[in-house]
1. List every residue pair whose Cβ atoms sit under 6 Å apart, with the two residues 6 or more apart in sequence or on different chains, where the first one lies in the range 106-125 and is more than 17 Å from Val60 (Cβ to Cβ) and the second, anywhere, is more than 7 Å from the ligand (Cβ to nearest atom) and in a helix (DSSP H, G or I).
2. Exactly one of these conditions fails for Arg5: (1) under 21 Å from Asp110 (Cβ atoms); (2) basic (Lys, Arg); (3) touching a strand residue (DSSP E or B) at 6+ places or on another chain (Cβ under 8 Å). Give me its number.
3. Being modelled with pLDDT of 95 or more, within 13 Å of the ligand (Cβ to nearest atom) and aromatic (Phe, Trp, Tyr) is true for just one of Tyr117, Tyr104. Which residue is that?
4. Would you check which residues across the range 89-115 are part of a helix (DSSP H, G or I) and either charged (D, E, K, R) or over 14 Å from Arg44 (Cβ atoms) (or both) and list them?
5. Could you please find all residues in the range 28-79 being more than 16 Å from the ligand (Cβ to nearest atom), among the polar types (S, T, N, Q) and in a loop (DSSP other than H, G, I, E, B)?
6. Could you identify the single residue in Arg29, Arg45, Arg86, Arg52 that is surrounded by 18 or more Cβ atoms within 10 Å (Cβ to Cβ) and under 19 Å from Pro10 (Cβ atoms)?
7. So, Val69, is that one free of Cβ contacts under 8 Å to residues at least 24 places away in the same chain and touching a Leu at 6+ places or on another chain (Cβ under 6 Å) or not?
8. In the range 103-138, how many residues are farther than 21 Å from Phe78 by Cα and loosely packed, with under 10 Cβ neighbours inside 10 Å?
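The values are calculated or read from the model by the stated rules, or taken from the named source; none is laboratory data. Note that this is a predicted model, so its numbers are computed, not measured. Cβ placement follows ideal geometry from the backbone for every residue including glycine, while neighbour counts extend to all protein chains displayed.
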Amino acid sequence: MDDLRLEPLPPTLEDYLDLRRLSGLTPKRPDQGAPALTNSWAWRRIVDATGRSVAMGRVVGDGGWYFLVADMATLPDFQRRGLGRRILEGLLAEIREKAPEGAYVTLLADPPGQALYRSLGFSEPTSGSVTMHLLMSA
Ligand SMILES: CC(C)(COP(=O)(O)OP(=O)(O)OC[C@H]1O[C@@H](n2cnc3c(N)ncnc32)[C@H](O)[C@@H]1OP(=O)(O)O)[C@@H](O)C(=O)NCCC(=O)NCCS
């Protein structure tokens with residue numbers, strides 16, 4: 001663990017695409033990934049001694065009140081060592097530090113992350129709201 005370092009930076013594009021693919025998230029192309037790296041509100045990555053990112057997460061947000069956690073991924077060999085928790089704690093701390101009081105933080109919780117997210121205070125809406133999504137194709 002000592003050679004793993006948490007940084008407030010995005011992974012490289014190559015690492016980003018690898019992390020999504022190897023962790024089982026839907027693979028993305030470089031033209032989709034590059035803007036994610038530059039246009040997000042906050043990033044965290046954990047790098048190994050060689051500088052390769054082994055875990056990542058980001059926040060897409062308006063800086064005012066609405067924040068979406070995305071791209072939570074840890075390489076399979078590094079999972080269940082607390083890296084995802086360190087990433088998410090870092091992102092939430094940055095929202096607490098920089099956003100005005102009353103921030104709304106949301107995410108789409110896939111099964112592997114649900115217990116982690118609950119343990120950090122996330123819960124399902126009780127208002128009857130459901131997640132709806134639209135995948136745009138050409
Ligand atoms: C979701 C994901 C990012 C979590 O990353 P992670 O680095 O494994 O996260 P953590 O290690 O902090 O926590 C995961 C689990 O490991 C456990 N854990 C943490 N440290 C541990 C340790 N030293 N020994 C054993 N278990 C440990 C945690 O308690 C947690 O268990 P839980 O799920 O029962 O709560 C990872 O599983 C992943 O990349 N999954 C595939 C992609 C995906 O589905 N992403 C989520 C999109 S919403």
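1. Leu120/Leu88
2. Exception for Arg5: condition (1).
3. On the way: Tyr104 fails: within 13 Å of the ligand (Cβ to nearest atom).
Matching residue, one of Tyr117, Tyr104: Tyr117.
4. Filtering the range 89-115 for residues part of a helix (DSSP H, G or I) gives 89-98, 111-115.
If the condition is that a residue be part of a helix (DSSP H, G or I) and either charged (D, E, K, R) or over 14 Å from Arg44 (Cβ atoms) (or both), then Glu89, Glu94, Arg96, Glu97, Lys98, Pro111, Pro112, Gly113, Gln114, Ala115 are the ones that fit.
5. Answer for the range 28-79, where residues must be more than 16 Å from the ligand (Cβ to nearest atom), among the polar types (S, T, N, Q) and in a loop (DSSP other than H, G, I, E, B): just Thr50.
6. Details: Arg29 fails: surrounded by 18 or more Cβ atoms within 10 Å (Cβ to Cβ); Arg86 fails: surrounded by 18 or more Cβ atoms within 10 Å (Cβ to Cβ); Arg52 fails: surrounded by 18 or more Cβ atoms within 10 Å (Cβ to Cβ).
None of the others qualify; the one that does is Arg45.
7. Numbers: free of Cβ contacts under 8 Å to residues at least 24 places away in the same chain: no; touching a Leu at 6+ places or on another chain (Cβ under 6 Å): yes.
Against the criterion (free of Cβ contacts under 8 Å to residues at least 24 places away in the same chain and touching a Leu at 6+ places or on another chain (Cβ under 6 Å)), Val69 does not qualify.
8. Looking only at that region, the number is 15.
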